[in-house]
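Sharing a structure here in structure tokens format.
The values are calculated or read from the model by the stated rules, or taken from the named source; none is laboratory data. Everything numeric in this text was worked out from a predicted model, so none of it was measured. Cβ atoms come from the backbone with ideal geometry, glycine included; neighbour counts cover every protein chain shown. The protein model used for the area step is the full one, side chains on, heavy atoms only, and it has no ligands, DNA or RNA in it. Shrake-Rupley method; radii C 1.70, N 1.55, O 1.52, S 1.80 Å.
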Amino acid sequence: MIKHTIFYIFLISMVACTTEETTNETQFFEKGEQVTAEDRFQQLTDSLEQFPEKTNLWIEKGNLCKENLDFNCALDAGAKAFRLDSTNVKARQLYAWTLINKPNAPIADIERAQRHYQYILSTNPNDPQSLVELANTYSLTGDFKTAIKYINDALRINERYRDGYVLKGSIYKTLEKNDLALSSYQTAVQIEPDFFMGHLNIGWLLTSMDKHQLALEYYQNAVELKPENINANYGVAKSLQDLGQYDAALAEYRKILKLEPKFYIANFNQAYIKQHFQKELDSAVYFYREVVDTDPNYIHAWYQLGETYYAQDRKYESAKAFAEALSIDEDYLPAREAVEKLRDYKID
């Protein structure tokens, strides 16, 4: 239960927003010129090569890394900022955030982050961001009661603090209180309609609740905000598949593969549609072969490929595919049961 909680809330906490101070050590753009996040990131990288002792530049870079969900980059920047100036509250806050958001954060790091947030709040007890991030440290260890208390403290200070509702939603989702989770996520999106991860979180939740038509709408909103995001596009495609709109789903999967040719799940789902719903077995074989060419260890593709061959009365190829599945996991029950149908077919 707690492992699941840590993973889920990790995903949600990735999108925590911060208020950042701007820096003016270097200005490469004329006043009024639009600076993209990519340009600013490169600007900061170049500046830090010249001025590696500038704490505020490391903080700004770390926060950009957070926005891009680049945790290694954020951890590097946060650690350097904190080492340069441990009295800087924003450096401490960034460093604490990186401690709990690195993959499989150990309990010791979560507890260290907790102490950092408690120190920050001792200097500024009315900071909703620190209250919510402190709440996250408790949620990561399964202490949801304390986490909710700190979230509510933050929302009493600022009832429109988006990330309080995001974290509360993730806690309710973990506790399987889906209606409360949905309400919290929707409040976050109402506060910030362009909140990409909010739309995606709602889509994921609605999918888990088998409310595929509503989920589709939120995934489509997410795609409008980030047209090339694979997760959002996949949400659209899978929702269409779940709704039985197979031609539309296939078109979306083709779109995904143009964005990311190695995203083999898109080929697997195309194959599954062709095999089970459209009865185009040759096409199904083609797409399953594409999957195993990309990831030879994807056991489900080998099994489904074996089933497709079997339906075509290609028993030898079927037996080989099932054998490949069992070479990956000899205890994989569907393949073991399938082999019983092919006792008379020996594989070289």
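In the P(r) worked out for segment 27-135, what percent of Cα pairs fall beyond 22 Å?
Details: 1991 of 5886 pairs.
Here the tail beyond 22 Å accounts for 34 percent of pairs.
Based on the Cβ-Cβ distance from ILE157 to PHE263, what FRET efficiency comes out when R0 is 56 Å, to the nearest 0.05?
Numbers: r = 42 Å, r/R0 = 0.75.
E between ILE157 and PHE263, to the nearest 0.05, is 0.85.
Using label points projected 7 Å from each Cα along Cα→Cβ, tell me how many nm separate ASN231 and PHE51, to one decimal.
The answer from the label model is 3.4 nm.
Rounded to the nearest percent, how much of the accessible area of the chain (1.4 Å probe, protein heavy atoms only) is carbon and sulfur?
Values: 8530 of 17740 Å².
Within the chain, the accessible surface is 48 percent carbon and sulfur.
About the Cα centre of segment 217-269, what is the dipole size in debye to 20, counting +1 per Lys and Arg Cβ and -1 per Asp and Glu Cβ, all else neutral? Before the final figure, lay out each step's value.
Numbers: 6 positive and 7 negative charges, 46 e Å.
The dipole of segment 217-269 has a size of about 220 debye.
Give the span of segment 273-326's Cα atoms along each principal axis, as three whole-Å numbers ordered largest to smallest.
Its Cα atoms span 26, 22, 13 Å along the three principal axes.
Rounded, prolate or oblate: which fits segment 53-197 when a ≥ b ≥ c are the square roots of the eigenvalues of the alpha-carbon gyration tensor, with rounded for a/c under 1.5 and prolate only if a/b beats b/c? Mind showing how you got there, number by number?
On the way: a/c = 1.68, a/b = 1.56, b/c = 1.08.
Prolate, since a/c reaches 1.5 and a/b exceeds b/c.
Run the dipole for segment 256-295 about the Cα centre, Lys and Arg Cβ at +1, Asp and Glu Cβ at -1, nothing else charged, and hand back the magnitude in debye, nearest 20. Write down the numbers at each step before the final one.
Details: 5 positive and 6 negative charges, 22 e Å.
Charge dipole, segment 256-295, about its Cα centre: 100 debye, nearest 20.
Further question on the same structure: Could you list the square roots of 5 times each eigenvalue of the Cα gyration tensor of the chain, that is, the equivalent ellipsoid semi-axes, sorted largest first and rounded to whole Å? Before the final figure, lay out each step's value.
Values: eigenvalues 399, 105, 88 Å².
Calculated on Cα positions only, the semi-axes equal 45, 23, 21 Å.
For the full complex of protein chains and a 1.4 angstrom probe, list PHE41, PHE196 by accessible area with the highest value first.
Values: PHE41 60, PHE196 20 Å².
Solvent-accessible surface, decreasing: PHE41, PHE196.
Show which aspartates and glutamates lie in cross-link reach of LYS315 when reach means a straight Cα distance below 19 angstrom and same-chain residues fewer than eight apart are skipped.
Result set, ordered by chain and number: GLU280, ASP282, GLU307, GLU324, GLU337, GLU340, ASP344, ASP348.
Can you give the calculated 222 nm mean residue ellipticity of the chain, where each DSSP H run of n ≥ 4 adds -39,500 (n - 2.57) and the sum is split over every residue, rounded to the nearest 500 deg cm²/dmol? Numbers along the way, then the final one.
Values: 19 runs with 252 residues, N = 348.
Computed ellipticity for the chain at 222 nm equals -23000 deg cm²/dmol.
Something else now. Stokes-Einstein diffusion coefficient for segment 50-93 at 10 °C in a medium of 1.306 mPa s, Rh from the Kirkwood formula over Cα pairs: what value in µm²/s?
Roughly 160 µm²/s, to the nearest whole number.
Translational diffusion coefficient of segment 83-166 at 37 °C, 0.692 mPa s, Stokes-Einstein with Kirkwood Rh over Cα pairs, in µm²/s as a whole number. Mind dumping the intermediate values first?
Numbers: Rh = 12.8 Å.
This corresponds to a translational diffusion coefficient of 257 µm²/s.
Give, as a single signed number, the net charge of other residues whose beta carbon lies under 11 Å from the beta carbon of LYS262, with Lys and Arg counted +1 and Asp and Glu -1.
Numbers: positive: none; negative: GLU260, GLU290, ASP293, ASP295.
Net local charge, LYS262 excluded: -4.
Just check segment 110-159 against the gyration tensor rule for me: Cα atoms, a ≥ b ≥ c as the square roots of the eigenvalues, rounded for a/c under 1.5, and otherwise prolate or oblate depending on whether a/b exceeds b/c. Show your work: numbers first, answer last.
On the way: a/c = 2.63, a/b = 1.14, b/c = 2.32.
Oblate is the answer for segment 110-159, as a/c is 1.5 or above yet b/c matches or exceeds a/b.
Only residues of segment 213-235 count here: report those whose backbone N is under 19 Å from the spot 7 Å along Cα→Cβ of ARG254, or say none.
228, 233-235
While we're on this one: Based on the Cα gyration tensor of segment 187-336, what are the three equivalent ellipsoid semi-axes, each the root of five times an eigenvalue, rounded to whole Å and given largest first? Provide the component values of the computation, followed by the final result.
On the way: eigenvalues 220, 43, 37 Å².
One finds semi-axes of 33, 15, 14 Å for segment 187-336.
Relative contact order of segment 277-339, please, whole-number percent, based on alpha carbon pairs below 8 angstrom and at least 6 residues apart.
On the way: 59 pairs, mean separation 16.4, N = 63.
Worked out over segment 277-339, it gives 26 percent.
Considering only ALA154, PRO103, TYR288, whose Cα is most displaced toward the positive end of the charge dipole of the chain, charges sitting on Cβ of Lys, Arg (+1) and Asp, Glu (-1)?
ALA154
In percent, what relative contact order does the chain have, based on Cα pairs under 8 Å that are 6 or more apart in sequence? It would help to have the intermediate numbers written out before the result.
Numbers: 451 pairs, mean separation 28.7, N = 348.
Relative contact order of the chain: 8 percent.
Under unit Cβ charges (Lys, Arg +1; Asp, Glu -1), what dipole magnitude, rounded to 20 debye, does segment 132-266 have relative to its Cα centre? Before the final figure, lay out the partial values.
Working: 15 positive and 17 negative charges, 34 e Å.
In debye, rounded to 20, segment 132-266 gives about 160.
Using square roots of five times the C-alpha gyration tensor eigenvalues, list the equivalent-ellipsoid semi-axes of segment 154-271 in whole Å, biggest first.
Values: eigenvalues 166, 43, 23 Å².
Value: 29, 15, 11 Å, ordered largest first.
Here's something else I'd like to know. Show me 268-277, 97-106, 152-161 ranked by packing, highest mean number of other Cβ atoms within 10 Å first. Provide the component values of the computation, followed by the final result.
Details: 268-277: 20.3, 97-106: 18.5, 152-161: 16.2.
Packing order, densest peptide first, comes out as 268-277, 97-106, 152-161.
Which distance in nm do the two modelled labels at LYS149 and LYS341 give, with both placed 7 Å along the Cα-to-Cβ direction?
5.8
Where a Cα-Cα gap under 24 Å defines reach, which lysines qualify for LYS66, not counting those fewer than 8 residues away within the same chain?
LYS3, LYS54, LYS80, LYS90, LYS102, LYS168, LYS173, LYS226
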